[in-house]
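Sending over a structure as structure tokens; questions will come in a sec.
Every number in this text was worked out from the coordinates using simple rules, so none of it is lab data. Model, not experiment: these values are computed from the prediction. Cβ sites come from the backbone with ideal geometry, for glycine too, and all protein chains shown count toward neighbours.
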Amino acid sequence: MPEDKKLSIEKKLKNAVREQITLASQVVMEDFPPFDKSIVTGIDVHYSGSLAVGCATVVEVETLKAIQTVTLNREVQVDYIPGYLYLREGPIVLDLLKLLENTGPVLIDGNGVLHPRRMGLASYAGVVLNIQTIGVAKRIHVGIIGPRVDNYAPIHDDDEVIGMAVWLGKEKPVFVSVGNNITLSTSVRVVKDCAVRGYPEPLRIAHRTAKEIARNTQL
DNA sequence: GCGACAG
DNA sequence: ATCTTGTCGC
């Protein structure tokens, strides 16, 4: 990689760190405002070369069936850098959410405050739009997993609990964290209540949908 | 210096 | 995450 390119990336990351720290101070780790318990939304982004396909699926909690699905296709130029997923997926996630009237709590494929600066993608979307979000990651990015009790293991970083490993029936747990406007215990409950075969159904549908569209879309 | 590293 | 069909295994 050219040296000048490398310098411009470093400059962008420096600004991103400042933005993340500012936004992190605005995360609300309480159940506010009272959310619609009857629906829950999942968001995922799939890639095919430079094409990014984002999908948001609103699911009815009682039946776990999709009642609304929106997608966006976009050309993406930003590489993924660990700790800065929001630079790559933030814009499309925000635009997906703007297309929805009612979402209930929003599950996002990535982390909330389970992040080096407590500002993962889920918290980013939650703070910017002032909505209720939850981070659900398939792999851990930061923190130390404490002792498992039943199907839960707290994830610590420094002296605070910033997430929870949750076993939903498969060998591998999912890593749940507060996005915004919610407590960790409520986040875990929401994830459990919409899980099917070891994974939250809204995220599974969003992932499947985005993948299918990416596969059938010409660049 | 070395390894780890959401998607 | 992506490039990629069928295939080995729990």
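Within the bounds of region A:164-181, is there any residue that is on the phi > 0 side of the Ramachandran plot and touching a residue at least 40 places away in the same chain (Cβ under 8 Å)?
The answer is yes; a qualifying residue exists.
Considering only region A:119-145, state which residues are within 16 Å of DNA strand C (Cβ to nearest atom) and part of a loop (DSSP other than H, G, I, E, B).
Within region A:119-145, A:120, A:138, A:139, A:140, A:141 meet the criteria.
What are the residues in region A:169-219 that are among the hydrophobic types (A, V, I, L, M, F, W, C), within 14 Å of DNA strand B (Cβ to nearest atom) and part of a helix (DSSP H, G or I), if any?
Of everything in region A:169-219, those that are among the hydrophobic types (A, V, I, L, M, F, W, C), within 14 Å of DNA strand B (Cβ to nearest atom) and part of a helix (DSSP H, G or I) turn out to be A:191, A:203, A:206, A:210, A:214.
For region A:183-219, give me the residue count where each residue is of a type in the set (S, T, N, Q), free of Cβ contacts under 8 Å to residues at least 60 places away in the same chain and within 19 Å of residue A:113 (Cβ to Cβ).
If we filter region A:183-219 for residues that are of a type in the set (S, T, N, Q), which is where we start, we get A:183, A:185-187, A:209, A:216-218.
From the residues that got through so far, the ones that are free of Cβ contacts under 8 Å to residues at least 60 places away in the same chain too are A:185, A:216, A:218.
Okay, now just the ones that are also within 19 Å of residue A:113 (Cβ to Cβ), so A:185.
Result for region A:183-219: 1.
Still on this model: Out of A:91, A:116, I need the residue that is within 16 Å of DNA strand B (Cβ to nearest atom), under 18 Å from the mean Cα position of the chain (by Cα), assigned to a loop (DSSP other than H, G, I, E, B) and surrounded by fewer than 22 Cβ atoms within 10 Å (Cβ to Cβ). Which one?
Being within 16 Å of DNA strand B (Cβ to nearest atom), under 18 Å from the mean Cα position of the chain (by Cα), assigned to a loop (DSSP other than H, G, I, E, B) and surrounded by fewer than 22 Cβ atoms within 10 Å (Cβ to Cβ) holds for just one of A:91, A:116, which is A:116.
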